[in-house]
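The values are calculated or read from the model by the stated rules, or taken from the named source; none is laboratory data. On a predicted model such as this, the values are computed, not experimentally measured, just so you know. All Cβ positions, even for glycine, are placed from backbone atoms using ideal geometry, and neighbour counts span all protein chains on display.
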Amino acid sequence: MVKSISELLKDADELITKKIASVSAPTEDDVVKLANELRTVSPEQEVQVDETYTLTEKLAHSAALLDTLINAQELAKVAAFEAAAKENGYSQEQISEFFEKRASVRFRSVTELIPGFGC
């Protein structure tokens with residue numbers, strides 16, 4: 001039996017609520033503390049840069065990891081929804097079309113949480 005999108009969304013929300021109820025996203029305070037620690041390097045501390053990656057690349061990588069952590073719950077919801085939709089016979093194209101036209105997934109960035117950093 002094929003379920004409606006609203007039923008799939010309800011099932012996905014219930015599943016996600018059960019599975020990630022114990023997962024806690026970092027608070028804004030945690031992100032701001034990390035940013036302050038990165039900014040307040042004392043002069044005697046030497047910043048060592050691996051020859052393979054520049055400091056800018058490492059900071060960008062760190063920001064991407066934090067973005068993933070901040071959005072873990074939303075990403076889990078999307079993954080659970082896609083899995084449930086596939087189990088109910090929807091194609092990947094139909095699922096993608098749903099997200100493009102109807103779903104509104106709001107992802108946050110660590111740059112939004114750091115005062116004075118974002119545009």
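For this structure, a couple of remarks:
- Residue count for the range 13-31 under the criterion of being surrounded by 14 or more Cβ atoms within 10 Å (Cβ to Cβ) and at pLDDT 75 or above: the result is 0.
- Checked against (1) at pLDDT below 80; (2) more than 16 Å from the chain's Cα centre (by Cα); (3) not in a loop (DSSP other than H, G, I, E, B), F98 meets all criteria but (1).
- Scanning the range 68-111 for residues being among the charged types (D, E, K, R) and surrounded by 16 or more Cβ atoms within 10 Å (Cβ to Cβ) gives a total of 2.
- In the range 52-91, the residues that are of a type in the set (K, R) and within 15 Å of the chain's Cα centre (by Cα): K77
- Any hit, the range 2-12, residues being modelled with pLDDT of 80 or more and outside any loop (DSSP other than H, G, I, E, B): no
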